[in-house]
1. Would you mind telling me the share, in percent, of accessible area of the chain contributed by carbon and sulfur at probe 1.4 angstrom?
2. Return the tail of the calculated pair distribution for the chain, meaning the percent of Cα-Cα pairs more than 30 Å apart.
3. What FRET efficiency would be calculated for the residue pair E308, D413, taking the C-beta separation as r and a Förster radius of 41 Å, to the nearest 0.05?
4. Rounding to the nearest 20 debye, state how big the charge dipole of the chain is about its Cα centre with +1 on each Lys and Arg Cβ and -1 on each Asp and Glu Cβ.
5. Calculate, for T449 and D181, the FRET efficiency according to 1/(1 + (r/R0)^6) with r their C-beta to C-beta distance and R0 30 Å; round to the nearest 0.05.
6. Counting DSSP beta bridges in the chain, what percent are antiparallel, to the nearest 5?
7. Let me have the relative contact order for the chain, percent, based on Cα pairs under 8 Å that are six or more residues apart.
8. Skip the ligands, DNA and RNA, and give the accessible area per residue of the chain with a 1.4 Å probe, whole Å².
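The values are calculated or read from the model by the stated rules, or taken from the named source; none is laboratory data. Since we're looking at a predicted model, the values are computed, not measured. Cβ sites come from the backbone with ideal geometry, for glycine too, and all protein chains shown count toward neighbours. Accessible surface is based on the protein model in full, side chains and every heavy atom, while ligands, DNA and RNA are left aside. Shrake-Rupley method; radii C 1.70, N 1.55, O 1.52, S 1.80 Å.
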Amino acid sequence: MRNNLPVLSLTTGLAVCLLAGCGSETGDSSDGSSVVMGMSDEVLATDPASGYDPGSWLLFNNVFQSLLSFPNGATEPEPEAAKDCSFTDTGTQEYTCTLRDGLKFSNGESLTSKDVKFSFDRMLKINDADGPAVMFPMLDEVETPDEKTVVFKLKYADATFPSKIASGAGSIVDHRSYDADGLREDGEAVGSGPYKLESYGEDQAVFSVNENYKGNAHVENSGVTMKFFHGDQDALKKAVLDNEIDIAYRGLTAEDISDIEADTSTDSAIETVDGTGAEVQHLVFNMDDPVAGQAGVREAIAYLLDREALVDKVYKNTATPLYSIIPAGITGHNTAFFDTYGARPSKEKAEAALEADGITAPVELTLWSTPTRYGPATDQELKTIAEQLNASGLFQANVKSVPFDQYEKDIADGKYGVYVKGWVPDYPDPDNFTSPFFGEGNVLSNNYTNKTITGTLLPATAGETERSMTEKEYAELQNIVAEDVPVLPIWQAKQYAVVRDNVYGLEYCLDASTVFRFWEISKD
């Protein structure tokens, strides 16, 4: 996901709930029961100037408001704390929002344009290494001509700016409750979202309904308790089976989910809910590596990778094969790698690709992995890919796995030829699957640059506010990547939650926006 974010593979059982709600503009408290959820992720921060991980953003999306939010199943944001927003120039370098009437924080203080400006200025000033400031290099200044109006001045055109401020990075804080120069470290939070953070500790966070909330959400429960299992997947599975929690998500392995679905003894009490996800995983090739830098080697691997067999063996079909860098469900998605290399392994074409580069002996190759950062099945996945390559007789591949801190350092130092990377989007736009990988200063550290991508295609898409009009450019970009093979897409996650049979609303909560919205969950 997100730059510097703990990216989690689908083996963590992603369950992301996005429902902006069609109820009244005031999030009135429901008479519904309190809901207990369990997850294996940590919440690393309660201050939105710092947190840039899935657990923290889950908290932000429920405790804080952003000016915009994503409706259920949508990839275009709509007003939330704002009553309207729009680009107010022809070059998408000035974006203006007008706030709703009567906005208040959970502490009863009014929310005005001053708080919005404070929130963005503070985030950028603190510029925390683990925070979302990295998403806003385009933001020049924030102006507040009156209490209801916010004007964002951009350094350059960025049509995805609305999506970025609709994410957890756009959380609005109370300027009276936060230090402009430093992070809040008391574990408390003051926002204007549908919920209040009542308590936050090592093992759980407790949320109550925010009576002051005014926005799109209609709350269907009386509160939420989020229990942290600190990576203990067995304990999380046991908790939902033993009726200690109502929902298990972000922590169950593909095997756990498969076992639960196959166990008829639990049919009457537990069910799995799935949906489309936008998390992806790629093999990355260091273009300066003496082995992986050879086009024939990369093309041969592309011809030999059997994604169908991989997701069946390792992920029990809780993922789908991915044939391009932009996943299905996101504007501009195509199947460039399927079209170029096919869906089934071809030893003949792989051998021809190697011979075209003058390679006749089996290629000695190390695939580098890290054991937990992208999910507990990552090492097994890489070993399965190595087995597929070796079965062709064209490769002598092995796998080495190192802790994530060392892994990142070695990648930055150019020590690996082939390595794995996962990505969960900050916002559901093709820009978030392309610019971070192929733009200037990309996050992959693989020494790949294509001037057509950086000089023509990405700039052309950056200024187009009608995102469907970018499909031609993104199709060309995906085709270039398939031809050059600096990365090799492997899979796209499905999303899963395991719920008790008296819990409702999860079927509407699984889409590509990676926002878990507490308010749509109800319980008998």
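1. On the way: 8490 of 19320 Å².
Exposed carbon and sulfur together represent 44 percent of the surface.
2. Values: 65938 of 137026 pairs.
Value for the chain (Cα pairs over 30 Å): 48 percent.
3. Working: r = 35 Å, r/R0 = 0.85.
Rounded to the nearest 0.05, the efficiency is 0.70.
4. 560 debye
5. Values: r = 37 Å, r/R0 = 1.25.
The calculated FRET efficiency here is 0.20.
6. Details: 54 of 70 bridges.
For the chain, the DSSP antiparallel bridge percentage is about 75.
7. On the way: 1268 pairs, mean separation 133.9, N = 524.
Averaging sequence separation for qualifying contacts and normalising by length gives 26 percent for the chain.
8. Numbers: 19320 Å² over 524 residues.
Ligands and nucleic acids excluded, the figure is 37 Å² per residue.
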